[in-house]
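All remarks here apply to the structure that follows.
None of the figures in this text is laboratory data; all of them are computed from the coordinates on show. Just so it is clear, the structure is predicted and the values come from calculations on it, not from any experiment. Cβ coordinates were reconstructed from backbone atoms using ideal geometry, including for glycine residues, and neighbour counts include every protein chain displayed.
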Amino acid sequence: MPERLVAHAVRLLDEAGAEVVTVREVARRAGVSPGAPFRQFPHPHRFALLRGALFGAERMPALEEGHRAFTHSIIELIVAGQQRGELRQAAPELITIAAQALAFGLSQMFVDDYLDASRADTLINQVVDLFGLGVLAPGSDRRDAN
């Protein structure tokens, strides 16, 4: 049943947009009770249905194109920061992957209730600051120790 619910969520998303993708409507289209999705995707995973619809294998071409354009813009910002001497010299694509991994990992930790969502703003700011500064203490570059 989870696959069927996700398939209906994807179709609804494609037909009408994210605003109308509700658990109740997906359940109605799948021919199940309004509570069935919550039994299939219990808390804290009750939004797995929508995540699967938005980020599953059947992603919309517009979403993919938007992601490519966004990534290209980020790479341009990284290169400009490197040219000004504000950012570490590393492959811009690698910096982008690291930033995306950080954002994805943090968001998943909140969705899965591994981190307290009521502290999200504070934790996000602290983690991004730490990411920007690096975790090595100043003057203790251990990368060559191997």
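Step through the residues of the range 71-77 one at a time and calculate ³J(HN,Hα) from phi using the Karplus curve (6.51 cos²θ - 1.76 cosθ + 1.60, θ = phi - 60°), rounding each to whole Hz and writing x for Gly and Pro.
Listing the rounded values in order: 4, 4, 5, 5, 4, 4, 5 Hz.
Rounded to the nearest 0.05, what FRET efficiency do Ala120 and Asp14 give with R0 = 35 Å and r taken as the Cβ-Cβ distance? Could you check? Show your work: numbers first, answer last.
Values: r = 30 Å, r/R0 = 0.85.
E(calc), rounded to 0.05, equals 0.70.
Collect residues whose amide H, placed 1.01 Å from N in the peptide plane, falls under 5 Å from the amide H of Leu87; neighbours closer than 5 in sequence don't count.
Answer set, sorted by chain and number: Gln82.
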